[in-house]
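Engineer: Pasting in a structure now, in structure tokens, and then I'll have a few things to ask.
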Amino acid sequence: MTAGMPTPSQQLALLRSSRSIALIAGVLALIGGVLVLAWPGKTIETVAIVVGIFLAVGGMAQIIDALVTHKAGTYWGLLVLRGVLDLAVGLVAVFWPAITVWALVLLIGIELILAGVVSMIAGLTVPAESGLRPHLLSRGVVSILVGIVVIAWPGATVLVVAVLLGIYLVAFGLVLLWAGYQLGKADRMAPAA
């Protein structure tokens, strides 16, 4: 046996625990994916509410921490401000999740348009002999067009993202279940310790 190498019994124990983790994670991902596909709009709003709860709790914790531990010369005032902003954004997300999702989609659309403009500017300023100009210009045009579509149809964008997330979760769950099955086969074929 090489020093540091696991013994066969340790390998078998690792195989069994990996199988359990793969099967549990696979079932959870599969269930999550099916739920997302069944209710894509509600799923996104639920995620907004959960994120809002985390932001609100984190904001309160930041405010308390800044007020309790503030010292002269520190940035405790900025920490309080950050905590207040996190708390406010969290409460908006909790009580108005649809608006939160819409605002996020709007920001993503704006970011795509800005990224497209930057890419086009870079494409126009890069030397033609570099060969990057067509790539940067086409990427910029596509980014601007996608940004416009996202802003024009935010509801459709949210549903597409939710459906893609649901499909991904179902596929990921199936892969994990297959991995758990394969690990179980390897466990059964492993020699007894």
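The values are calculated or read from the model by the stated rules, or taken from the named source; none is laboratory data. Computed from a predicted model, the values in this text were never measured in an experiment. A quick note on method: Cβ atoms are made from the backbone with ideal geometry, for glycine too, and the neighbour counts reach across all protein chains shown. With ligands, DNA and RNA removed, areas are computed over all heavy atoms of the protein, side chains included. Shrake-Rupley method; radii C 1.70, N 1.55, O 1.52, S 1.80 Å.
Engineer: Give Val101, Val94 a once-over and let me know the one that is more than 30 Å from Ala186 (Cβ to Cβ), at pLDDT below 90 and surrounded by 14 or more Cβ atoms within 10 Å (Cβ to Cβ).
Structural biologist: Numbers: Val94 fails: at pLDDT below 90.
Selected residue: Val101, the only one of Val101, Val94 that is more than 30 Å from Ala186 (Cβ to Cβ), at pLDDT below 90 and surrounded by 14 or more Cβ atoms within 10 Å (Cβ to Cβ).
Engineer: Could you tell me how many of the residues in the stretch 92-122 are farther than 21 Å from Val47 by Cα and among the polar types (S, T, N, Q)? Lay out the reasoning, then the answer.
Structural biologist: Filtering the stretch 92-122 down to residues farther than 21 Å from Val47 by Cα leaves 110-122.
Restricting the remaining residues to those that are among the polar types (S, T, N, Q) gives 119.
Residues that pass the stated criteria total 1.
Engineer: Only one residue in Leu176, Leu164, Leu159 is under 18 Å from Ala29 (Cα atoms), open to solvent by 70 Å² or more (accessible area, probe 1.4 Å) and within 20 Å of the chain's Cα centre (by Cα), so which one is that?
Structural biologist: Leu164
Engineer: To continue, here is another question. With the condition kept exactly as written, say whether any residue in the stretch 105-125 is under 28 Å from Val34 (Cβ atoms) and modelled with pLDDT under 90. Give the steps one after another, and end with the answer.
Structural biologist: From the stretch 105-125, those under 28 Å from Val34 (Cβ atoms) are 105, 108; that's our starting set.
Now drop any that are not modelled with pLDDT under 90, which leaves 105, 108.
Yes; the residues of the stretch 105-125 include at least one that is under 28 Å from Val34 (Cβ atoms) and modelled with pLDDT under 90.
Engineer: Considering each of Gly184, Gly109, Gly90 in turn, give the residue that is over 22 Å from Ala56 (Cβ atoms), part of a helix (DSSP H, G or I) and under 25 Å from the mean Cα position of the chain (by Cα).
Structural biologist: Gly109
Engineer: Can you pull out every residue in the stretch 39-59 that is in contact (Cβ under 8 Å) with a residue 24 or more places away in the chain and open to solvent by less than 70 Å² (accessible area, probe 1.4 Å)?
Structural biologist: Filtering the stretch 39-59 down to residues in contact (Cβ under 8 Å) with a residue 24 or more places away in the chain leaves 40-41, 43-46, 48-49, 51-59.
Result: Pro40, Gly41, Thr43, Ile44, Glu45, Ala48, Ile49, Gly52, Leu55, Ala56, Gly58, Gly59.
Engineer: Condition test on Val150, is it under 30 Å from Met120 (Cβ atoms) and either crowded, with 16+ Cβ neighbours inside 10 Å or modelled with pLDDT of 90 or more (or both)?
Structural biologist: Here the answer is yes, as Val150 does meet what is asked.
Engineer: Oh, and also: Could you check, for the stretch 120-142, whether at least one of its residues is open to solvent by 80 Å² or more (accessible area, probe 1.4 Å) and in a loop (DSSP other than H, G, I, E, B)?
Structural biologist: Yes.
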